[in-house]
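Q: Questions regarding the structure given below will be posed in turn.
The values are calculated or read from the model by the stated rules, or taken from the named source; none is laboratory data. Quick caveat, the model's predicted, so the values are computed rather than measured. So basically every Cβ, Gly included, is an ideal-geometry build from the backbone, and we count neighbours across all protein chains shown.
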């Protein structure tokens with residue numbers, strides 16, 4: 001059973017790391033620099049966890065399969081973000097929400113967490129960004145260096 005994770009992480013220094021792991025190994029990776037004051041501690045992350053017999057394990061096929069989930073993930077992230085507008089109880093991190101109507105033979109879960117410095121609106125914005133810009137994020141990754149090279 002394949003396990004694929006799309007991740008997007010924001011650091012204290014404003015750097016954003018986006019990537020895809022397949023079976024725990026980074027397949028695609030992209031890093032957008034933050035400020036000059038390097039601080040790698042995370043302020044928030046959003047993961048899209050995919051597993052199941054219909055989830056591919058070859059990088060090119062994973063990229064295509066993830067792209068095909070764009071509408072499903074846009075709807076799911078909108079629902080989650082709408083529920084976080086006013087915030088979340090800090091004891092509930094990380095938040096894990098199963099995605100309804102995942103393709104047959106797969107399970108998709110959206111997981112996220114944020115430091116105490118991040119408001120409900122900010123993490124909601126990050127979650128919404130993952131879904132609304134899903135294809136753009138994947139396109140940027142397709143042109144990124146494959147991590148194993």
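Q: Would you say residue 8 is in contact with a strand residue (DSSP E or B) (Cβ under 9 Å, 6 or more places away or on another chain) and surrounded by 18 or more Cβ atoms within 10 Å (Cβ to Cβ)?
A: yes
Q: Name every residue in segment 124-149 that is modelled with pLDDT under 90 and not in a helix (DSSP H, G or I), in order of residue number.
A: Selection gives 143, 144, 145, 146, 147, 148, 149.
Q: Might you check whether a residue that is at pLDDT below 95 and within 12 Å of the chain's Cα centre (by Cα) occurs anywhere in segment 113-121? Talk me through it step by step, then tell me what you get.
A: Taking segment 113-121 and keeping what is at pLDDT below 95, we get 113-121.
Add one more test, that the residue is within 12 Å of the chain's Cα centre (by Cα), and what stays is 113.
Yes, the conditions are met somewhere in segment 113-121.
Q: Scanning for something assigned to a loop (DSSP other than H, G, I, E, B) and closer than 24 Å to residue 97 by Cα, does segment 44-54 turn up at least one residue? Before the answer, list the steps.
A: Step one: list which residues in segment 44-54 are assigned to a loop (DSSP other than H, G, I, E, B), which gives 53-54.
Cutting the leftovers down to closer than 24 Å to residue 97 by Cα gives us 53-54.
Taking every residue of segment 44-54 in turn, at least one turns out to be assigned to a loop (DSSP other than H, G, I, E, B) and closer than 24 Å to residue 97 by Cα.
Q: Another question, if that's okay. Among (1) buried (at least 18 other Cβ atoms within 10 Å of the Cβ); (2) assigned to a strand (DSSP E or B); (3) touching a helix residue (DSSP H, G or I) at 6+ places or on another chain (Cβ under 8 Å), which single condition is residue 29 missing?
A: (1)
Q: Residue 37 fails exactly one of the following numbered conditions: (1) assigned to a loop (DSSP other than H, G, I, E, B); (2) surrounded by 13 or more Cβ atoms within 10 Å (Cβ to Cβ). What is the number of that condition?
A: In the conditions (1) assigned to a loop (DSSP other than H, G, I, E, B); (2) surrounded by 13 or more Cβ atoms within 10 Å (Cβ to Cβ), residue 37 misses (2) alone.
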